[in-house]
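Okay, structure first, notes after.
No value in this document is a laboratory result; all are computed from the given coordinates. The structure presented is a predicted model; accordingly, all values stated were derived computationally and were not measured.
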Amino acid sequence: MNTYARLPVAFTHGEGVWLWDSNGKRYLDALSGIAVNTLGHAHARLTVALKEQISKLIHVSNLYQINEQEAVADKLCELANMQEMFLCNSGCEANEAAIKLARLYGHQQGIENPAIIVMEKAFHGRTLATLSATGNRKVQAGFEPLVKGFVRVPYDDLDAIHQVAEHNPDVVAVLIEPIQGEGGIRTLDIHYLEQLRKICDQHNWLLMLDEVQCGIGRTGKWFAHQHTGILPDVMTLAKGIGSGIPVGACLAAGKAAGTFKPGNHGSTFGGNPLACMAVLTTLAIMEEDQLVVEIRGQGLIIGIELDRSCGELVKQALAQGLMVNVTADNVIRLLPAMVFTTAEALQLLDQLCPLITNFLAQGA
Ligand SMILES: *Cc1c(COP(=O)(O)O)cnc(C)c1O
C-alpha cells in the first residue's frame, strides 16, 4: 500500500555507520533507521549471535518458558531498576501494553473511565489507541472515532498538569516522552520529571515514560530519565533495543508491577528466542564498549570521564601536538579559548578521538 513517500534510493548493504546503494554510492548513515541500528550495520558479533540462534531456535510460543526472554527481563530490569517486563514487537505495541496496564490499574482502584494525561506534539505510534494518544492531527485525521480516555496538555508545562489534577478525578496515569522525537526533538526543563514524579505520587497516578526513541543509550545513559533521579512506574522501549530485529518492551515497577495477570495481555511473536538474542547481544556489546563513562560540561568546559586513570594521555597528546589536561585522575579536561572555531573543534576531535580509542584499546 502507498503508505510512504519514499526517497528514490535503495541500499544493498552496510558496515558500521556506512551504507551503499544499488549504484555503489556510499552514504554516512546519521539516522540509523530512525534510532534502530544501535550497533550500526552488519555488526560482526551481532551477526554471529543471530546466526547461531537461528540455527538453534527462532520461535516456540509464550505458552512455554523461554530462557532467553527471562535473561532479557533480568538485564533490562537491572539496567532500569524496575521489576517486570512484557515483550512485544514494536513501539506502538509497547505503548498499547502501557495504556492497557494503566486502564487495568484504574479499574482495580474502582475508576470506571480511567483517563491518561498525554502531551501536545507527542508521538506514541500508529495503532488506534496510540494514534489517539499522539498529539499530531495529521496522524489522527481520517481515523476517527479516536480512542477515548486521553487528556492532552502542553509539553513541559507543570501548571497544566496541576489544572487537570484539580478537575479530573478519572486520571490514572501520565504518558510522556522524556525527549520528544517525532515532535521535533523537544526536551524538558531539568526539574520537570522530578516535579511530575511528585504530582503522580500525590495522586496515585502511574508515571509512564515512552523511551522508544530516546532510550537504549541514545542520550548517554541507558535511559533518558536516568539523567534525573526519578524512577518511572512504566517505561516503554523499542527501536534501538534489538539493533533492527523488531522488539518492543513494556517495563513496570512499584505500584504498576503485578497489574497484568495471566490472560490480560499477550503477543504471539513477542519475546521469541531470536528477538531476545538480538536484545541480549545489543546490550552486552554496549556494556562492554562503554569505556567512556560520561561526557559532561557546558559550552567550552568539557570533561570526558574514562573508566580508568588516564594521566598518560596528556603525554601522548602532547607528542602529537595536542594540549589537553586530565583532572580527577580519569577525566580528560577540555578548556579551549573563546576564539575556538568550528573548524578547530573538528580538528581537535580528529586528533583526540583516535588517541582515546587507542589508549583504551591498549589497556583492554
Ligand atoms: C517510533 C516511536 C513509536 C512507535 O514505534 P513503532 O515501532 O513504529 O510502532 C512510539 N513512541 C515513540 C516515542 C517513537 O519514537
Gyration tensor (Cα only) of the range 1-153 to equivalent ellipsoid, semi-axes in Å sorted down, yields 34, 26, 14
Taking only the Cα positions of the range 258-317, the convex hull volume per residue in Å³ is 193
Length gained, Asp170-Asn325, 0.36 nm per residue minus C-alpha separation, equals 50.2 nm
Once normalised by the length of the range 302-364, the mean sequence separation of its alpha carbon contacts under 8 Å that are 6 or more apart gives a contact order in percent of 34
XL table Lys56/Lys221; Lys148/Lys255; Lys75/Lys121; Cα-Cα > 28 Å flagged, in table order, is Lys56/Lys221; Lys75/Lys121
Taking a ≥ b ≥ c as the square roots of the Cα gyration tensor eigenvalues, with a/c under 1.5 meaning rounded and otherwise prolate when a/b beats b/c or oblate if not, the range 185-283 comes out oblate
A student applying the Cα gyration tensor rule (rounded when a/c is under 1.5; otherwise prolate if a/b is larger than b/c, oblate if not) would label the range 113-212 oblate
Here the convex hull volume per residue of the chain, taken over Cα atoms and given in Å³, is 183
The chain: antiparallel bridges as % of DSSP beta bridges, rounded to 5, reads 70
Length-normalised contact order of the chain, Cα under 8 Å, at least 6 apart, in percent, tallies to 18
Under the rule rounded for a/c under 1.5, else prolate if a/b exceeds b/c, else oblate, using alpha carbon gyration tensor axes a ≥ b ≥ c, the range 210-251 is classed as oblate
Taking the chain and counting helices only, DSSP H stretches of n ≥ 4 at -39,500 (n - 2.57) each over all residues, the nearest-500 ellipticity at 222 nm comes to -10500 deg cm²/dmol
The equivalent-ellipsoid semi-axes of the range 237-364, taken as the square roots of five times the Cα gyration tensor eigenvalues and listed largest first in whole Å, are 42, 17, 15
Whole-Å distance linking the alpha carbon centroid of the range 84-147 with that of the range 221-285 is 16
Relative contact order in percent for the range 205-364 (Cα pairs under 8 Å, 6+ apart) equals 13
